[in-house]
């Protein structure tokens, strides 16, 4: 099960109930944090994310509303005695940002932390989970991210394993996990012999800030969840293009063409109040759209089922 938590849904200026951008993806003991807007540390605590979990942080670009919360989060982790190592990924400027923070506000950490200035491509992997950086069309160097999990095999076929006289136990586990095995009688058994075909991968796309762009269109093809900025409605399309953002209509058209399961609109301007204009515009084109709210939780099972809950906190 993947759990996606919107820690901050605001754009540019934080307002009551809408913090600066931050999205937490939780999976098998990992916390993957995408952007770290102002006061992300308290949002982290509100959802009991766990400050000592295995963690990787991915910054989309070096604009203040996406990074101002990072030093505070790292400091909170230190003050509460985090011990696990932690990696931070982002545009090359992230290295200087952390270094200057260390030099000027004495941001030391009690744990090993490594900061990577990245380019596009796979930047993180653990077992069958990968995160790929996607260079998008904003102002300066900016990335979106693709989170993808691919099961090593399909469903294990018990009857087939018995038919092949494979002893039940560790050998079944290895085959189900994608490893070939050699039986005592010398036969080589491959996972494909006793499993169904691999299912489609689970795919979550986070756009960061961007104009509509081909790299997000391609990455979003058949994605389970697309979390995309919608800074403006089409009534302000001139501002969207000038400032490197998307309109709700732009994003809805992208989601429809990409055949995504769920579109989550975030980072919309405070000028739209409760966001009703943004969500209404998008739903005219793509009905399976929701408006991100702070502390919204999206549960995504490994068979692709999606459920959404909203915290009252």
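Laboratory data are not the source of any read-out in this text; all were calculated from the coordinates shown. In this text the structure is predicted, and so the values were computed from the model without any measurement. Ideal geometry is used to build each Cβ from the backbone, glycine not excepted, and the neighbour counts take in all protein chains shown.
Here the ratio of the Cα radius of gyration of the range 186-229 to 2.2 N^0.38 Å is 1.89. Between 0 and 90 degrees, the angle of helix 93-104 with respect to the longest Cα principal axis of the chain falls at about 70 degrees.
Mean-square fluctuations from a GNM of the chain, with a 10 angstrom spring cutoff on Cα atoms, peak among 14, 170, 212 at 170. Eigenvalues of the alpha-carbon gyration tensor of the chain, scaled by 5 and square-rooted, set the equivalent ellipsoid semi-axes at 37, 25, 17 angstrom, largest first. In whole percent, what relative contact order does the chain give with Cα contacts below 8 Å and a gap of six or more residues? Relative contact order comes out at 16 percent. Entry note, the range 144-245: relative contact order of 30 percent, from Cα contacts under 8 Å with a spacing of 6+ residues. By how many degrees, 0 to 90 and rounded to 10, does the Cα axis of helix 248-258 deviate from the longest principal axis of the chain? Value to nearest ten degrees: 20.
Using Cα atoms only, what is the angle between the long axis of helix 70-79 and the major principal axis of the chain, expressed in degrees (0 to 90) to the nearest 10? The two axes meet at around 60 degrees.
Peptides 18-25, 294-301 ordered by packing proxy, namely the average of other Cβ atoms within 10 Å per residue, highest first: 18-25, 294-301. Across every pair of non-identical alpha carbons in the range 114-189, the mean reciprocal distance, once inverted, gives a Kirkwood radius of 15.8 Å. If the Kirkwood radius is taken over C-alpha pairs of the range 77-162, then at 37 °C and 0.692 mPa s the Stokes-Einstein diffusion coefficient equals 206 µm²/s.
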